[in-house]
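Comments concern the structure below.
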């Protein structure tokens, strides 16, 4: 009868010792995976699951300047989950090409010949309340922004905005129904929210969210066009602390940027108007 604890010449370790070590490793691994700290980590950073039913966002672009249109389409095609299905030289061309087509989001140049961005947005909105519209302009002009949203736009970007900004705008208009960049006047956002020019969506139970005194102060000060450094001085806190308050507010409300925080403050009476 052979010795159960045989010796491995290759490793220099007895097979009994190897089996014991393997059992210990498995027990330790199971213990680690069950630890509260690791469970929290797995909850906050779960393994991403692919959704086979997830469809690409179908985008149409209307822009009369060929060089800018080509650059915009090229940029959009680099963004994951996006498919450019229509390219048009003006609003009239776009409306013709959209007949019978399935389009989720339209990028419209504000100024175009034959049929400009505003006139085109009106026609699109009359035909569909679901199609999202992002207006493009060379200027971050409040009057243009108001005019665009009053005629059906869901978002507004300037032509020098970055790829990251454009990606965020696409995600926001598709998920929340609106998008403002960080440079948009907070007073303008307040007025548009009061006039129901935008209909922001927030996390479930948004009206019952509890904020700390410091978070409420940050919401009010952000709405008055104060920067992070200015708010830090006013509240006698570090800029990092103010950033942490802002991050906490966005997490609680489900907002993604400053504009969302301001709209939340208006809708739920935190900001005095």
Which of 149, 107 has the fewest other C-beta atoms within 10 Å, and how do the rest follow up to the most? 149, 107
Please state the relative contact order of region 185-273 as a whole percent: Cα pairs under 8 Å, 6+ residues apart? 43 percent
Two pseudo-spin positions, 7 Å from Cα along C-beta at residue 122 and at residue 183, lie apart in nanometres by 2.8 nm
If each residue's Cβ is checked for other Cβ atoms within 10 Å, how do 141, 160 rank with the fewest at the top? 160, 141
Efficiency of FRET from Cβ geometry, residue 196 and residue 250, R₀ 25 Å, rounded to 0.05: 0.60
Calculate the length of the line joining the C-alpha centroid of region 225-273 to that of region 64-134, in whole Å. 34 Å
Can you sort 187, 157, 136 by how many other beta carbons sit within 10 Å, fewest first? 187, 157, 136
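Every number in this text was worked out from the coordinates using simple rules, so none of it is lab data. None of the values given here were measured: they were computed from a predicted structure. Don't worry about glycine lacking a Cβ; one is built from the backbone with ideal geometry, like all the others, and counts go over all protein chains shown.
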